[in-house]
Amino acid sequence: MDRIRIVGGESLNGVIPISGAKNAALPLMIASLLTDDTLTLENVPHLADVEQLIRILGNHGVDYSVNGRRQAQDRGYSRTIHFTARDIVDTTAPYELVSKMRASFWVIGPLIARMGEARVSLPGGCAIGTRPVDLFIDGLKALGVEIDIDGGYVNARAPKGIQGGSYEFPKVSVGATHVLMMAATLANGTVEIRNAAREPEVENLAKCLNAMGARISGAGSETIIVEGVGSLSGARHRVLPDRIETGTYAMAVAMAGGDVMLEDTSASLLESALDTLRAAGAEINPTNSGIHVRRNGSGLEPVDVSTDPFPGFPTDLQAQFMALMTRAKGTSHITETIFENRFMHVQELARLGADIALSGQTATVRGVEQLKGAQVMATDLRASVSLVIAALAAEGETVVNRVYHLDRGFERLEEKLTRCGATVERLSS
Ligand code: UD1
């Protein structure tokens, strides 16, 4: 299993290109199931999760080609991929595939809308809390879908198609919003989705669906209205920049010090995180093509943070920000409100010398003078990159084990950091 070796102490200076967003690419790829025409997606990041979803979609009959070729290039750069679901050959998403990635459960939306039936295994994915699917089920039921759960599978049937209707989420869910929106595109009538997730990835998906002929308004706000249409066509759409990757590198610069231009991204995707970083002492300046991040030698200020659905501080940056606060000139409090078990990085940060106490959903982080390199273990996607950030400022050598988590969500991480002067290398085994 690959490991990553980092020698801390170098500042970061240079340019980091930001990739297309994993969390936008996945639902966009799934949307290809809604039409027998070709959906072309540009700026698809080259990540393990994307490759896994390609396999899952292939199981349903989705054909794909990368820049006109059948084989994926293996250089690790974002690509243009054409997806064509001419015929859906299977409406079952089996456990073996869905258990590897939670987002693959989302195929239930397009499958039920286009085929009137879907049988999808209950999901797996990152071990960060129970992550149930009740909101998906209640939402689909409100649109006339009959659902039962049997043997670990969700069996959904809509013999007369998706019906118009209204559903208010009792809790904001990104995935359930994606699914309801996709299912509603082919509804008989109009669907109103209230208390919808407002994440930029939801807006990006709606934009793509509209380019395919859907009639969606309000995406990005709390209420989304979808007027059902008879069928969707192909389209060409660009995956938006990855705001989590953007925030992660901004935090890496704040941690290590230096001067980096984050390119091909936009500050509007992560205002709350950038404001937090400014409060911690980083200099953040949005430009036309990205974000300029600097921090000189001065110490970091402690800042309290609570995660929230967009436009709040993203849970996917919580671990990285905690890494940063381990070196602050005082005590900060970090509260996780989205997932119940998203503090697995705490133990590993402690191995590097961090002083963190957990009480319920709040971590109290007392800044220390210096972290020291050690062997650590990546436990989920965002936790693993928080260890990389901590290691950049730790004295000596850190080895991060189980880096397959990183490969799920960060394109060419070692290369991007090395080019800015960090000592980061992959140890293959
Ligand atoms: C997506 C992101 C993930 C991010 C999360 C929150 C992708 C591929 N993943 O995950 O990186 O951390 O949004 O911003 O885009 N919930 C229920 N019942 C449900 C569905 C969800 O109780 O049926 C709960 C979850 O357990 C969690 C909360 O709702 O506590 C938010 O989860 P949700 O927004 O659905 O996360 P994902 O879409 O899985």
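Here are the numbers for the structure shown:
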quantity: Selection status of residue 320, assigned by TED's automatic domain parsing to the domain that holds residue 396, within 18 Å of the chain's Cα centre (by Cα) and among the polar types (S, T, N, Q); calculated: yes
quantity: Selected residue (criterion: nearest to residue 13 (Cα to Cα)) from residues of region 388-429 that are in a loop (DSSP other than H, G, I, E, B) and touching an Asp or Glu at 6+ places or on another chain (Cβ under 8 Å); calculated: 421
quantity: Residues located in region 352-387, provided they are assigned to a loop (DSSP other than H, G, I, E, B), touching a residue at least 60 places away in the same chain (Cβ under 8 Å) and farther than 20 Å from residue 4 by Cα; calculated: 367
quantity: Residue match in region 191-203 (condition: surrounded by 17 or more Cβ atoms within 10 Å (Cβ to Cβ) and either more than 16 Å from the ligand (Cβ to nearest atom) or at pLDDT below 95 (or both)); calculated: yes
quantity: Single unsatisfied condition, residue 323 versus (1) part of a loop (DSSP other than H, G, I, E, B); (2) at pLDDT 95 or above; calculated: (1)
quantity: Matching entry among 21, 85 (being of a type outside the set (Val, Ile, Thr), within 16 Å of the ligand (Cβ to nearest atom) and touching a helix residue (DSSP H, G or I) at 6+ places or on another chain (Cβ under 7 Å)); calculated: 21
quantity: Scope region 284-320; condition in a loop (DSSP other than H, G, I, E, B) and either at pLDDT below 95 or basic (Lys, Arg) (or both); matching residues; calculated: 288, 289, 296, 297, 298, 299
quantity: Residues (in a loop (DSSP other than H, G, I, E, B) and touching a Pro at 6+ places or on another chain (Cβ under 8 Å)) located in region 326-343; calculated: 329, 330, 338
quantity: Selection from region 394-412 of residues that are modelled with pLDDT of 90 or more and either charged (D, E, K, R) or crowded, with 24+ Cβ neighbours inside 10 Å (or both); calculated: 394, 395, 397, 398, 400, 410, 411, 412
quantity: Leading residue by the ranking (farthest from residue 21 (Cα to Cα)) among those in region 154-195 that are of a type in the set (A, V, I, L, M, F, W, C) and within 17 Å of the chain's Cα centre (by Cα); calculated: 172
quantity: Failed item, numbered, when residue 157 is tested on (1) away from the ligand (no atom under 11 Å from the Cβ); (2) basic (Lys, Arg); (3) modelled with pLDDT under 95; calculated: (3)
quantity: Residues being modelled with pLDDT under 90 and either crowded, with 18+ Cβ neighbours inside 10 Å or away from the ligand (no atom under 11 Å from the Cβ) (or both) - total across region 132-148; calculated: 0
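The values are calculated or read from the model by the stated rules, or taken from the named source; none is laboratory data. In this text, all values refer to a predicted model and were calculated from it rather than measured experimentally. Glycine also receives a Cβ, built like all others from the backbone with ideal geometry; neighbour counts cover every protein chain displayed.
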